[in-house]
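Each reported figure results from applying straightforward, stated rules to the coordinates on display, with no laboratory input. Worth saying up front: this structure is predicted, and the values here are computed from it rather than measured. As a convention, Cβ positions derive from the backbone with ideal geometry for all residues, glycine included, and neighbour counts pool all protein chains shown.
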Amino acid sequence: MRLMRWRGLFYIVAILFLLPAFRYNEGCDCCDGANYIFGVMEYVPKIDDPPSEKPAIGNPPSYFSWMDYNGDWTTPARYQGACGSCWDFAAVGALESVINIEEGIADLDPDLSEQYVMSCLPLAGSCKGGSPYGAYKYIKSTSADGNYCNGIVLESCFPYKADDTVPCSDKCPDWEEKLVPIVDYGYWLPDGSDEDRDRIKTMIMEKGPVVTFMMATEEFTQWGLYNHNPEDYYKYPGYVEGINHCVVIVGWKDDASISHGGYWICKNSWGSYWGYNGFFNIEYGSLHIDDFMIVWVEYDANDFDWPPIANAGGPYFGRINESISFDGSRSHDAEGSIISWKWDFGDGSISHEQNPKHAYNERGLYTVTLTVIDESGMQSVDKTAVFIDLWKEKDEWTFNINEIKIDAGFAKFNGNIDSLSLKVTNSNKIDLKGRVKGEFETQLFMNVSGKLLLSRLHGNLYLKPNFEIGNAEIIVRGIALITIESLPIPIPFKIEANVKLKPSLALIDFPLYIGKEWDTVPLNIEMDAVASSLFGIIKIPFQYNTSIGAIKGRCTSKKIINVPAGTYEAYKIEFFDFIELYYAPEVANVIKLSASYEENSVNAELKGTNYE
């Protein structure tokens, strides 16, 4: 999808190497369907069973959300792909949260199988549409239409394929041991009144998140691509016709300044980039969000024995030979007690205490593994990172950015940055220096083209201990040989930019291991800059603000990589399907980057380092 890919490229270039790459997104066909699809239903099946009575009205507060009620009781938003299975994802997503709530462990986060519902309970629906009520009905049914058992299996037993033709026999061999049953379910019909909104709120507080229906318009779809702030909400657009989508309502916020009095807090199934980590807010009464159908489910915590939850805490920070206190006290077991603890500190040392202490005698980034076992013999594993003097004053890395091609429509650049050095000056500051070369064209004010001559980049990066980037200060100065109406004119120039990232950005989620996936936080980028020329006679201030949704990172492999600085074993990390970078623990940094989309590309390699 063009917008997400473009912003991903901006993300890497602007954040990792701090190049100002801009693009106007107006007119972008952001939902071209070639690579990223926002699935909706072609039809909504009729329900033959009668609705339940409307629930009683309690006294709901003006704000409530299961995302922050003494913890986050929701599970991550997932991606339904090119399949109209939102009904399935909404039903499963609501059930997962209800399980968290009933088990009393916010981070239990069961991952249940949407594919099992489509493949083994086909009367519930398909990729063309379905019924969340039907999903619960057939999950609970012990007849043939319910696969002769009450329950839904875990995602690990039957991974999602976005395909309703996958046979039920593709589930894991021991699937019957992985069935999670439900005890009750139902639906009722709200009318969109204030009273029924209070009924929905009461039900959410008493039973947990519920499933609702809506009309996902093209405008709504596009809105979620540009709005990633948890305070943003989709405003009432007026009456729209139809129903084509299901989502989960997890909370609400009353606000008298909003025309309909507030908004619902919802979970979608269009991936984590859309909205804020896949969630969104929508004004009461919008797109039939609260006037079509509410579906609910109940679960009994006594019906399934979950493995324990290991929580290693962290990340941890320390110096060589400094004693570090590790904390495993946030590990839980829903049904009993944890009887065994095993800490592997990543340097050959082991401890069987719940909260041990340990010191490291060498600098580095260590992967610490905690394994816990409960009374039933089931175990769980969690990994965390320990940073020991990882970056110290005078550590330095030098990169060659061999290729930078940017075609932003109104401006083009083709060049490179030679010997871009990153030097640690103190615990939270990185000094940047490099030489910029290249040719450019722009149509911002007039048709102008030229070359950068004797241009240098200098600046500072401000970091947090786990490499989160907060702010950056960049200065580029030099001489541009500008061609105007075939006449080349050398013009001295200077660009000063202050970039703020809110919140701070951790591009890589340590520790790394093959198969790990993570989502970056939704990010707002604010840039204030001044471009001046002719020794300050001409000054042009400009600002650039954009928001970027959560971007999924994947650690896919570990390889031997050759770069000018040497040969290193490095983790391969992918963002989307067109950005690759390699992180080498031996030098505690990225050693190679490649990103390419349409006419835009960046390629960089580590040229040298003094890191030891």
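Calculate the dipole size of the stretch 307-381 relative to its Cα centre from +1 charges on Lys and Arg beta carbons and -1 charges on Asp and Glu beta carbons; express the result in debye to the nearest 20. Before the final figure, lay out the partial values.
Working: 5 positive and 10 negative charges, 62 e Å.
Its charge dipole is roughly 300 debye.
Hey, what did the chain get for relative contact order, percent, Cα under 8 Å, at least 6 apart?
Values: 1573 pairs, mean separation 63.6, N = 612.
It comes to 10 percent, rounded to a whole number.
For the stretch 396-609, what does the alpha-carbon gyration tensor say about shape, rounded, prolate or oblate, given a ≥ b ≥ c as the root eigenvalues, a/c under 1.5 as rounded, and a/b over b/c as prolate? Could you put the intermediate results ahead of the total?
On the way: a/c = 1.79, a/b = 1.67, b/c = 1.07.
Prolate is the answer for the stretch 396-609, as a/c is 1.5 or above and a/b outweighs b/c.
Please list, in chain and number order, the residues 5+ apart from Gly553 or on another chain whose amide H is under 5 Å from its amide H, with Hs placed from the backbone.
HN-HN under 5 Å from Gly553: Trp518, Asp519, Thr520.
Kindly write out, for the stretch 303-313 in residue order, the coupling ³J(HN,Hα) from the Karplus curve 6.51 cos²θ - 1.76 cosθ + 1.60 (θ = phi - 60°), rounded to whole Hz, with x marking Gly and Pro.
8, 8, 9, 8, x, x, 10, 7, 9, 7, x
For Asn150, what charge total do you get from the other residues with a beta carbon under 10 Å from its beta carbon, if Lys and Arg give +1 and Asp and Glu give -1?
Numbers: positive: Lys140; negative: Asp303.
Summing Lys and Arg as +1 and Asp and Glu as -1 gives 0.
Along the charge dipole of the stretch 396-609, which of Asn414, Leu452, Thr546 sits closest to the positive end, that is, farthest toward it, with unit charges on the beta carbon of Lys, Arg, Asp and Glu (+1, +1, -1, -1)?
Of the candidates, Leu452 comes out farthest on the positive side.
Kindly provide the helix-only [θ] at 222 nm of the chain, computed as the sum of -39,500 (n - 2.57) over DSSP H runs of four or more divided by all residues, to the nearest 500 deg cm²/dmol? Kindly include the intermediate steps, with their values, before the conclusion.
On the way: 6 runs with 67 residues, N = 612.
When only DSSP H runs of four or more count, the value is -3500 deg cm²/dmol.
At a Cα cut-off below 18 Å, give the lysines reachable from Lys516, other chains included and same-chain residues fewer than 8 away excluded.
Cross-link targets: Lys383, Lys552, Lys558, Lys559, Lys572.
Lys/Arg Cβ at +1, Asp/Glu Cβ at -1, dipole of the stretch 307-381 taken about the Cα centre: which of Gly377, Pro315, His352 is farthest positive-ward?
Value: Pro315.
What's the local net charge at Met67, with K and R +1, D and E -1, over the other residues with C-beta under 14 Å away?
Values: positive: Lys253, Lys267; negative: Asp68, Asp72, Glu96, Asp107, Asp109, Glu231.
Local net charge: -4.
Among Trp391, Trp252, which comes first, second and so on when ranked by fewest other beta-carbon atoms within 10 Å? All intermediate terms of the calculation are to be shown ahead of the outcome.
Working: Trp391 20, Trp252 27.
With the sparsest Cβ surroundings first, the list reads Trp391, Trp252.
Please list, in chain and number order, the residues 5+ apart from Cys83 or on another chain whose amide H is under 5 Å from its amide H, with Hs placed from the backbone.
When sequence neighbours closer than 5 places are left aside, the close amide H contacts are Gly39.
What full-extension length gain, to one decimal in nm, is calculated for Ile339 and Ser143 as 0.36 nm per residue of separation minus the Cα-Cα distance? Working shown, then result.
Details: separation 196, 0.36 × 196 = 70.56 nm, distance 3.94 nm.
Here the answer is 66.6 nm.
Would you mind getting me the FRET efficiency between Asn361 and Asn471? Use the beta-carbon distance for r and R0 = 41 Å, nearest 0.05.
On the way: r = 34 Å, r/R0 = 0.84.
The pair Asn361/Asn471 has a calculated efficiency of 0.75.
When we measure straight from the Cα of Lys137, which lysines land under 18 angstrom away, once same-chain ones fewer than 8 places off are left out?
Straight-line reach from Lys137, under 18 Å: Lys46, Lys207.
Taking a cut-off of 23 Å between Cα atoms, list the lysines near Lys201, but don't count ones fewer than 8 places away on the same chain.
Within reach: Lys54, Lys235, Lys253, Lys267.
Mind checking the dipole of the stretch 461-513: about its Cα centre, +1 per Lys or Arg Cβ, -1 per Asp or Glu Cβ, Debye to the nearest 20? Can you show the working numbers first?
Details: 5 positive and 5 negative charges, 27 e Å.
Roughly 140 debye, rounded to the nearest 20.
Show me 552-564, 200-212, 130-142, 235-247 ranked by packing, highest mean number of other Cβ atoms within 10 Å first.
Listed from highest to lowest mean packing, they are 130-142, 200-212, 235-247, 552-564.
What size of dipole, in debye to the nearest 20, comes out for the chain about its Cα centre when the only charges are +1 on Lys and Arg C-beta atoms and -1 on Asp and Glu C-beta atoms?
Working: 51 positive and 85 negative charges, 633 e Å.
The dipole of the chain has a size of about 3040 debye.
Determine the shape class of the chain: with a ≥ b ≥ c the square roots of the Cα gyration tensor eigenvalues, call it rounded for a/c under 1.5, and otherwise prolate if a/b is greater than b/c, oblate otherwise. Walk me through the intermediate numbers first.
On the way: a/c = 2.19, a/b = 1.42, b/c = 1.55.
Taking the square roots of the gyration eigenvalues as a ≥ b ≥ c, the chain is oblate.
For the stretch 376-421, what does the alpha-carbon gyration tensor say about shape, rounded, prolate or oblate, given a ≥ b ≥ c as the root eigenvalues, a/c under 1.5 as rounded, and a/b over b/c as prolate? Show your work: numbers first, answer last.
Numbers: a/c = 5.27, a/b = 1.86, b/c = 2.83.
Oblate, since a/c reaches 1.5 and b/c is not below a/b.
Listed highest first by mean packing, meaning other Cβ atoms within 10 Å per residue, what order do 588-595, 492-499 come in?
Top to bottom by mean Cβ count within 10 Å: 588-595, 492-499.
Positive end of the dipole of the chain, charges at C-beta (+1 Lys, Arg; -1 Asp, Glu), about the Cα centre: which of Asn471, Cys172, Val521 has its Cα farthest in that direction?
After comparing all options, I get Asn471.
Counting only residues 5 or more places away or on other chains, whose amide H sits under 5 Å from the amide H of Phe317 once H atoms are built in the peptide plane?
Under 5 Å from the amide H of Phe317: Phe387.
Modelled label-to-label distance, Ser421 and Thr202, 7 Å Cα→beta-carbon offset: nm?
Going from the Ser421 label point to the Thr202 one covers 7.0 nm.
Based on the mean of other beta carbon atoms within 10 Å per residue, what is the order of 397-405, 516-524, most packed first?
Values: 397-405: 20.2, 516-524: 17.9.
My ranking of the peptides, most packed first, is 397-405, 516-524.
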